[in-house]
Structures are given as C-alpha cells and as structure tokens.
Number of protein chains: 2
Amino acid sequence: MPDFPIRELQRFSMEALTKCGVPLEDAEIVTESIVFAHTTGKGTHGLGRLPIYLRKIQSGLMRRDTPLKPVVSALALEVLDADHGFGQVAAVHGMQRAISMSETYGVGLVGIRHSNNFGTAAFIASAAVKANKIGIVMSNAAPAISAPGSTTPILGTNPLAFGFPSGDDGSPIVFDMAISNAARGKIRLAAANGEEIPEGWAVDENGVPTTSAEAALAGAMLPIGGAKGYGLALSVDILAGLLTGSAFGGGAKNLDHKTDRSDCGHFLLAIDVSKFMALQDYQERISRLSKAVKSSGSPGVVILPGERSRRYMDDRNETVPLTPAVVEKLDTVSAELGLPPLESIR
Amino acid sequence: MPDFPIRELQRFSMEALTKCGVPLEDAEIVTESIVFAHTTGKGTHGLGRLPIYLRKIQSGLMRRDTPLKPVVSALALEVLDADHGFGQVAAVHGMQRAISMSETYGVGLVGIRHSNNFGTAAFIASAAVKANKIGIVMSNAAPAISAPGSTTPILGTNPLAFGFPSGDDGSPIVFDMAISNAARGKIRLAAANGEEIPEGWAVDENGVPTTSAEAALAGAMLPIGGAKGYGLALSVDILAGLLTGSAFGGGAKNLDHKTDRSDCGHFLLAIDVSKFMALQDYQERISRLSKAVKSSGSPGVVILPGERSRRYMDDRNETVPLTPAVVEKLDTVSAELGLPPLESIR
C-alpha cells in the first residue's frame, strides 16, 4: 500500500469538505478526527469516509452544518439536536458542554439527537481528557449484532469509550471498543479489499460462522461475551439512541446507507476529577495504577489501553498507508470537485 | 439439594445480622439483597455470604453499621465513606442520593469509599429503576483477571449493571454482568462443592486453561473479549476504586479475606428519564424497543436482560435450593449465635 503524508491527508480533507460547503471550523473538527483515526491505527474510520460524507451532503441525507439546538436542558444535563449533521462535530461540541457542566456540578451529561457516525469514540473521549476530565462516550449504530437465539441483526456494534487523564508520565488511558468482536468498519474494509476475515468475527445470514467479509455483512457480527455483549449493546442503544430522541431498536442506518439518514445518537458524560481530589493526587494514583498493571507481567509485555494507538506513529515518519480501493475513491472525489489529487510519497 | 422457603431465609438472615449488632434498617437492606440474589437465580451472592459477614464483624474487619460520611460534595456529585461497613447498605443509600440529585440536576453521581462487596449489582440498579431512574452501577473487586500477556491477576471481575425503568408491560430491563466470562462466585461455589468448571472460564497459575475450580482460584479468570474485557475492568477499577479513594490496582481484597479489609469502592450513577421526555413517551419507546428486539428471533426465543432472573421463581413455590456446603456453614452460625437452625421443607 502506498504511504501518504499526514499533512497531505489534512490538506485533502479540508479542501474537499470546505468545497462542499462545510463550515471551516466544522471541517477542522472532521479533519482532526480523520487524522486521529489514521495516526492511531484506526484507518477504517479515516479518509475513506470522506466520499460518503460528500455523497450524503449532495443528496440531502446529511447537513453541511451541524446546528446543535438545545432541546433538553436540566442543569447538569443537555440534549442537543444535530439535525443530521456531522457526528464528530456534534460529539466534540457536546463533550465540551458536558465538560463545562462538570466543572460546576461535578458531572455533566450530554445527549446528541439525530446524528451520524462520529468516527472513533477515542477521539471524543480524548476531548475530555485534554480538559483533565474523565470522559465516557457511547453511540448507537445500525443493526449488526443479533440477540442470542436470533440471526437477525437488531443492535449496533455500538462503540463505547472511557478516557482518563494521564498521570505523571503524561500518558492518558483511553479505552475504546466496539461491542462486537471486531469493528464493522474492519469487515467493510476487508469486503472492499476482497480480503477474508478471521473466524469468530461474524456469522452469515443463516447463523453459520463465516470468514467471508461479504457474507458477514449480510449476516450478523458476534458480540464479545455472548449475552454480555448483547446486554451492553442494548444498554448503549437505550442511552445513546432511545433516550436522546434518535433512532433505536434497529432503526439507525449505516453511514453509507444510500437512501436514508443514519439518525444515530450519542451519550457523552464528563466527570471533573478535581472535584474528587486534588489533580496531583489523582495523577499520583493513576501513575501508581499504571505501574501496578504493567508490572503484573514481564517487562514491556502488558500495555495500557490507548498505548498501542499512541505509539502507532512512532516509526512511520509522518506518513500512513491507504488501501488502493480508498485511494481510487478519493481520486474520484478530487476529479469531481476539481481539487488536486491526493499525493503519495514515492 | 434441599429447598428452603424464602421467608425462612429472611428470618434467618434478620436474626443473625441483628444478633451481631447490625442496625435493624441495615439488616433489612442486607437481607433484601440476599433474598434478591436467591430469587433471581444468583444464589452465589446469597445466604452463603452471611457466615463471612459475621466472621468479619467479629474480627473487626467489617463495621456493624455503615456510617456513609460525605467526604466530597459538588452539587450533582457526592462521595460517601462507608468506613468498611456493608456494601449493600452503602450502595443502596448511595443510589438513593444519586436519584435525589438526578431529580434536580438531571444526573446524579455517587462514589462509595472503603466498602465491601454489595451483592448483585442488579439489586442496586433496581433501586434506581423503582424510582423511574436509569441506574448505572459499578464496583471494583479483588484481583481475579490478568492483563493480556500476563498470568498474574491484577483487576477484579468488577461487576457492571444498567437498570432501565419498564415500558407499558411493567418489565424493567436490568442488565448485570461480571467482566469475566463467569462470576468468581460461581467458581468459588464450584470449589466449595468439589465441582469442575466449564472450559473458557479460567486459567491456572501458569496461564494454562483449566476446568479445576481450585486451580482457577489460584490462577486467573478470563475476561470477555480479551483486551476489551481487560479495558472494561480497568475502567471500572478507576471509576469505582481509584476515583472514590478506595483500593485499586490489585489492592482490593476478597470479601472472605482472612486478615484484611476489602476496601473496594462503588460508582453509582442515576439519570432522571423524565428530564429527557415525558415518562409516558419513554415507556412507549422502551416497549417498542423490547418488541423490536424480541421479534428479531423466533417467538419466545429472544429474551431481554433481567427477564430470566425475573422468571426464576415462577414455578418454585416460594422456595429456593441451598447447597449442603452452605447449609452446613449456616448451621454452625445458628449454633454459635443460639438461633433456631435454618429449616428446609421436607
């Protein structure tokens, strides 16, 4: 796969988004989330999403802007209506509101209504961490997981993230998971690239385990821990979808749906650490925890959530790979919009 | 296994606890949690815990009362110090505070410091549900799960529960999980009864998969979803343990530890549904969700979290089984305290 400079991804994303009428500040957030995905090893949530956003904007399925009108307001709680704008823009602004409320009330909760996929949940949780807050982030998503005893997908892979401000060493703990054994984006990418998927990720439409990415997309993803993953996915569907006034119970649609809006919702919680104890005490404790967990294994073996992502760029010289299938789609975008194509390093 | 009337379990628990100096109202909460465990099919968290409580009270490792002194207070946030009293008493009172705060602020967060095992997390989440609030409940626990790449347990099975008020049909969704593939209580019970455990639950002290309950207790439990369960367990350890000022990072001890206090902590969040929408709208949505999920499978096959527990007593005629090993320990308790022994139905 060819490598692309991060700065070139940034340039391309900003030009494409603003050319399509996305406000500059919103384009910056979306671009930051795309770069975050690529630089943390989650390229499935990266630049490959851009052609989808642009198509949906052009066909009226997504708004260029993301209005965030408050529809519920109750001191430490707000629900903001994204009116089918960008998920990242809604979730970052929503988390900022939750952070601000947590500074007054100790905790702040924001629900986002009528939204779209927000990229990686770790990106949103990191917004809380930067403000020295604990962030808890959930989103519901299009049906992909079936309930135990069924083969019909009814719940999303529903991402869930916890972000914890760093200790003395400056390394936050950011834990980000999809409730399926694998993220649906990975299966979609495998399908796009004509690759097989590992066993245990999914079943086909008849409930039979499969390694075909295409068959998996037509079937159902397997949740972690069987009934436990099902319960988690259902809980996230209620908190992020049902409670915020968004779609739920199988009603949310994939970001790349051809005719319908996604209408997913987000649940964003911020906790002000400094209300519990002096920030220095917290940092000392987190450092102690990190050391205890790491020293429970042989030196260098045990890593903390977020560590692998943070190290992803260590030896990559400011470049990341893109698959040929994604590059081809981006070339179509640049041709359509009259932008210089994405330039790889050779 | 002999069957025992629920009312007899209640009688025995109340008499034993109050005889040991537990205040009447606290004994009622502990007894209610014990009965809840037995009547929802989670007998591992039931009357078998009583001899442990009594021994710990007598040896000064647990307090008879549970003082709950506020040590942090910030509008929608409180931390209460249980000073090594009963986990159930602390968590039920803590959830009541969270509920009350949520009615003013939309959301209420309570941390419990220096506590003990609170029984089933579903019991605590149900306290929120009864008040038409969503309850999120977490507790850290003694190390039982190892981090990926290590065989030394460093994190607890750390229970996690979500309770959602019911829809039109009066059936709340209460989802309760341990982060291990199996609850540690089940392995302890298997060890006490000399039974084997299923594959996939645990590894021995060398990291080799085992079906021996004894070897599992000396080894480590396996988390759901590998690194995902590890990340969840770590997140709960920070929220319930580190943040509340309790033990964390492997420092919490088992309830039945012979010489040390447990010092675990709890994280209790209540969300006032009626701040999001009229309660009737919420109920209509939860009913719609329940129907959508259930109708995703063949009739009667898909069940909702909490449904199996709620139906556990359906054909049991107000009696539950106790294992001979538990009955023997309870007979020792009644002999020591001069109480009538627990009477089974014959």
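Using only side-chain charges placed at the Cβ, +1 for Lys and Arg and -1 for Asp and Glu, the dipole size of the protein assembly as shown relative to its Cα centre rounds to 460 debye.
I'd like to compare B:142-155, A:275-288: which one has the highest average count of other Cβ atoms within 10 Å, and what's the full order after that?
Numbers: B:142-155: 22.7, A:275-288: 17.3.
Going from most to least packed, we get B:142-155, A:275-288.
Per residue of chain B, what 222 nm ellipticity follows from adding -39500 (n - 2.57) for every DSSP H run with n ≥ 4, rounded to the nearest 500?
Numbers: 12 runs with 132 residues, N = 346.
Value at 222 nm, helices only, nearest 500: -11500 deg cm²/dmol.
The Cα center of segment A:269-346 and the Cα center of segment B:158-230 differ in position by 31 Å. For the peptide B:282-294, the mean number of other protein chain Cβ atoms found within 10 angstrom of a residue's Cβ is 4.
Electrostatic bookkeeping for B:Ile286 treats Lys and Arg as +1 and Asp and Glu as -1; over the other residues with beta carbon under 14 Å from its beta carbon, the sum is -1. Between the amide H of B:Ser146 and those of B:Ile154, B:Met221, distances stay under 5 Å, these residues lying 5 or more places away or on another chain, with hydrogens modeled in the peptide plane. Charged side chains reduced to their Cβ positions (Lys and Arg at +1, Asp and Glu at -1) give chain B a dipole of some 400 debye around its Cα centre. By the gyration tensor of its Cα atoms, with a ≥ b ≥ c the square roots of the eigenvalues, what is the shape of segment A:58-110: rounded for a/c under 1.5, prolate for a/b over b/c, or oblate? Prolate, since a/c reaches 1.5 and a/b exceeds b/c.
Sorted from nearest, the other copies put their B:Val71 label points 4.2 nm away, the label point being 7 Å from Cα in the direction of Cβ. The distance from the alpha carbon centre of segment B:1-27 to that of segment A:6-31 is 66 Å, rounded to a whole number. Taking every DSSP beta bridge that has both ends in chain A, the antiparallel portion is near 85%. Considering only beta bridges that DSSP places wholly inside the protein assembly as shown, some 85 percent are antiparallel.
Which helices count as membrane-span-like in chain B under these terms: full DSSP H, at least 27 Å along the axis by C-alpha, Kyte-Doolittle mean of -0.5 or more?
Values: long enough: none.
Answer set is empty.
Computed over segment A:235-302, relative contact order equals 21 percent, with contacts defined as Cα pairs under 8 Å that lie 6+ residues apart.
Label-point spacing for B:Glu307 across the identical copies (point 7 Å from Cα in the Cβ direction), in nm and ascending order: 4.2. Residues A:Arg97, B:Arg316, arranged from fewest to most other Cβ atoms within 10 angstrom of their Cβ, appear as B:Arg316, A:Arg97. Using a 7 Å projection from Cα along Cα-to-Cβ, the label point at B:Ile345 is separated from the same position in the remaining copies by 7.6 nm, smallest value first. Between B:Leu160, B:Leu289, B:Leu268, the GNM of chain B built on Cα springs shorter than 10 angstrom shows B:Leu289 fluctuating the most.
Given A:Lys253/B:Lys228; A:Lys133/A:Lys186; A:Lys133/B:Lys69; A:Lys186/A:Lys253, which pairs have Cα atoms separated by over 27 Å? Could the numbers behind the result be given before it?
On the way: A:Lys253/B:Lys228 25 Å; A:Lys133/A:Lys186 30 Å; A:Lys133/B:Lys69 25 Å; A:Lys186/A:Lys253 17 Å.
Pairs exceeding the cut-off: A:Lys133/A:Lys186.
Over all residues in A:232-243, what is the mean tally of Cβ atoms on other chains that come within 10 Å of each residue's Cβ? Intermediate values should be presented prior to the final figure.
Details: counts 9, 0, 9, 11, 1, 3, 9, 5, 0, 2, 9, 10.
Average neighbour count from other chains, rounded to a whole number: 6.
Taking the Cβ of A:Asn254 as the center, what net charge do the other residues with Cβ under 10 Å away carry, scoring Lys and Arg +1 and Asp and Glu -1? Each step should come with its number before you reach the end.
Values: positive: A:Arg184, A:Arg188, A:Lys253, A:Lys258; negative: A:Asp256, A:Asp260.
Residues near A:Asn254 contribute +2 overall.
By the count of other C-beta atoms within 10 Å, a proxy for reagent exposure, B:Asp260, A:Asp263 are ordered fewest to most as B:Asp260, A:Asp263. Fewest neighbouring Cβ atoms within 10 Å first, the residues B:Met1, A:Met138 line up as B:Met1, A:Met138.
Panel note: the C-alpha atoms of chain A, placed on their principal axes, show extents of 54, 50, 48 Å (largest first). A:Ala218: net charge of surrounding residues, Cβ under 11 Å, Lys/Arg +1, Asp/Glu -1, itself excluded? Summing Lys/Arg as +1 and Asp/Glu as -1 gives -3.
Please average, across the residues of A:218-228, the number of beta carbons from any other chain that are within 10 Å of each residue's own beta carbon, and give a whole number.
4
Read-outs: derived from the displayed coordinates by stated rules, not from any lab. Quick caveat: nothing in here was measured; it's all calculated off a predicted structure. Quick reminder, even Gly has a Cβ in these numbers, built from the backbone with ideal geometry, and neighbours come from all protein chains shown.
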